[in-house]
Amino acid sequence: MKLRNFLALGLLAAGLGLSAMLTVAHGEGPPTPDEYVAHVGGDARIVAAGELTLDNRRMVCGHRPTVLDSQLDDYGAAYPGFLILNPRLMAKVSTPVKLWIFAHECGHQFRGPDEETADCFAVQRGRRQGWLTMEGLDEICKFISPAKGDTMHFTGSHRCNYMRTCFGDPSIR
Ligand SMILES: [Zn+2]
């Protein structure tokens, strides 16, 4: 997962092939959205910044576009400069979880590769923007609970505890 530079949510332990190929194909540095789409093919497409909606909510992450890629091996991912969402998997989760996934990937854009920091960014943004409640946070916790911890991705329950702390204390970053 590290090959993606910024990490995906780490919910699915799946193929690294794509990222590896991209890294090889483009040497140093992350791909552009166009390069990514050209590489993965299929139905992948770029949605310009500010034009994406999830459950009728407009999603904004600064000036970053989002690539919709139904072949992505996770719900979402982030390269520096753009977000990637898997619309096929996103369709299966509730609204707060969808919004949290987008905000988490957006968190990587502004705060870097650390997962806890991206989680914290996401729940604080959700609270500030009014789309995340305690009940929504419960849904997110349920969603990530099967996630296995690895060196970069703490266990779901650990992430959850940290998100609850962040949600309740806006001074944490
Ligand atoms: Zn992440």
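Observations
- When we screen L99, L132, L137 for residues that are out of contact with any His (no Cβ under 6 Å at 6 or more places or on another chain), of a type outside the set (G, A, S) and closer than 27 Å to D34 by Cβ, the only hit is L99.
- Annotation: of all residues in region 100-134 being in a loop (DSSP other than H, G, I, E, B) and of a type in the set (G, A, S), the one that is farthest from the ligand (Cβ to nearest atom) is G130.
- Qualifying residue in region 123-133 (condition: at pLDDT 95 or above, under 13 Å from the mean Cα position of the chain (by Cα) and on the phi < 0 side of the Ramachandran plot): yes
- Residue that is modelled with the lowest pLDDT, among those in region 15-40 that are of a type outside the set (A, V, I, L, M, F, W, C) and over 22 Å from F102 (Cα atoms): G17
- Put simply, of L72, L52, L83 the only residue that is within 25 Å of T133 (Cβ to Cβ), crowded, with 17+ Cβ neighbours inside 10 Å and within 16 Å of the ligand (Cβ to nearest atom) is L83.
- Members of region 94-131 found to be surrounded by fewer than 16 Cβ atoms within 10 Å (Cβ to Cβ) and closer than 17 Å to R57 by Cβ, listed by number: S94, T95, R128, Q129, G130
- Total residues in region 58-72 satisfying the condition of being assigned to a loop (DSSP other than H, G, I, E, B) and more than 12 Å from the chain's Cα centre (by Cα): the figure is 8.
- Close pairs (6 angstrom Cβ cut-off, 6 or more residues apart or separate chains): acidic (D, E) in region 82-109, within 15 Å of the ligand (Cβ to nearest atom) anywhere: E105/G76; E105/A78; E105/L83
- In region 78-113, the qualifying residues are those that are aliphatic (A, V, I, L, M) and under 17 Å from R159 (Cβ atoms), and the one that is nearest to the chain's Cα centre (by Cα) is I101.
The values are calculated or read from the model by the stated rules, or taken from the named source; none is laboratory data. Nothing here was measured: the structure is a model prediction, and the numbers come from that model. Glycine also receives a Cβ, built like all others from the backbone with ideal geometry; neighbour counts cover every protein chain displayed.
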